[in-house]
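Working notes, structure below.
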Amino acid sequence: NEMYTQDGINALKESILVNGLRHNLSVLYDSDKDIYRLISGERRYHAISEMDEKDYQTLFPAGIPCKVEKSDITEIDEEIMLISANHDVRESSMEVKRWEVSRLKELYEAKKLNGEIKKINISERQARKYTTAEKLIPELSELLNNNGIDLNQADKFGKLDEDAQKSILNILQKNGNIENAEFQSIKKISEERAKEAAKYKQELEEVTRELNKKNETLEILENKI
């Protein structure tokens, strides 16, 4: 659970005292040791543990309510459960959210390779935005993590080439924001560069094919000689 901090315990305790436990903890039963092992809900557990005995007995006379998960799940499923639970109940930073989506994709890909599932169980639209954000230059990526730009902007900026992103960064650093007209102008130039690059790539592929054919012909003639 290294990506999730254990701060705000006192505030969470006060919230539980006033509003009750809004989400049950998730546990696995270890039959060898006859104990329940916590999978998700560590902050909630610590917050409840900080209560005095009277408050605890008032709120949880039968103990802390938990959802008991299947005990035969794999380590991959266990990590998916942890990330999914934290994603649903925590107000995480953008950096953590980006890690969550990236890690979930890796875990589901592993399950897919193992033949356990046929498709990735994560919102394609959500995953696409976070995936595009990973194509940001480091400076824009840092702005995203620090809420200098939002995820929708990151999705748009990440589709452009490095030069275009540097132009956007300069405008953001100078003005604090970027107007749509400015973005569209930079996007148009980036798209023109992309078309030109695609054209050169196609020409290179054609020349390479011709060169390979000539090399094959040359090899045949050399063998005949």
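Among the residues of the stretch 105-136, count how many are at pLDDT 70 or above, out of contact with any Asp or Glu (no Cβ under 7 Å at 6 or more places or on another chain) and either of a type in the set (A, V, I, L, M) or in a loop (DSSP other than H, G, I, E, B) (or both). Spell out the reasoning first.
So the first thing to find is which residues in the stretch 105-136 are at pLDDT 70 or above, and the list is 105-116, 128-136.
Now restrict to residues that are out of contact with any Asp or Glu (no Cβ under 7 Å at 6 or more places or on another chain): 105-106, 108-116, 128, 130-131, 134-136.
This time we only want the ones that are either of a type in the set (A, V, I, L, M) or in a loop (DSSP other than H, G, I, E, B) (or both), so: 110, 113-116, 134-136.
Number of matching residues: 8.
If you check every pair at least six apart or on different chains, which have Cβ atoms under 7 Å apart with a residue in the stretch 184-213 that is closer than 30 Å to SER167 by Cβ first and a residue that is open to solvent by 80 Å² or more (accessible area, probe 1.4 Å) and among the β-branched types (Val, Ile, Thr) second?
Partner pairs satisfying both residue conditions: none exist.
Residue-wise test of (1) open to solvent by 80 Å² or more (accessible area, probe 1.4 Å); (2) assigned to a helix (DSSP H, G or I); (3) out of contact with any Pro (no Cβ under 6 Å at 6 or more places or on another chain); (4) of a type outside the set (S, T, N, Q).
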{"position": "ALA164", "(1), (2), (3), (4)": "no, yes, yes, yes"}
{"position": "ILE171", "(1), (2), (3), (4)": "no, yes, yes, yes"}
{"position": "LYS195", "(1), (2), (3), (4)": "yes, yes, yes, yes"}
{"position": "THR208", "(1), (2), (3), (4)": "no, yes, yes, no"}
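The values are calculated or read from the model by the stated rules, or taken from the named source; none is laboratory data. These figures come from a predicted structure and were not determined experimentally. All Cβ positions, glycine included, derive from the backbone under ideal geometry; neighbour counts span all protein chains shown. In case anyone asks, the SASA skips ligands and DNA or RNA and just uses the protein heavy atoms, side chains included. Shrake-Rupley method; radii C 1.70, N 1.55, O 1.52, S 1.80 Å.
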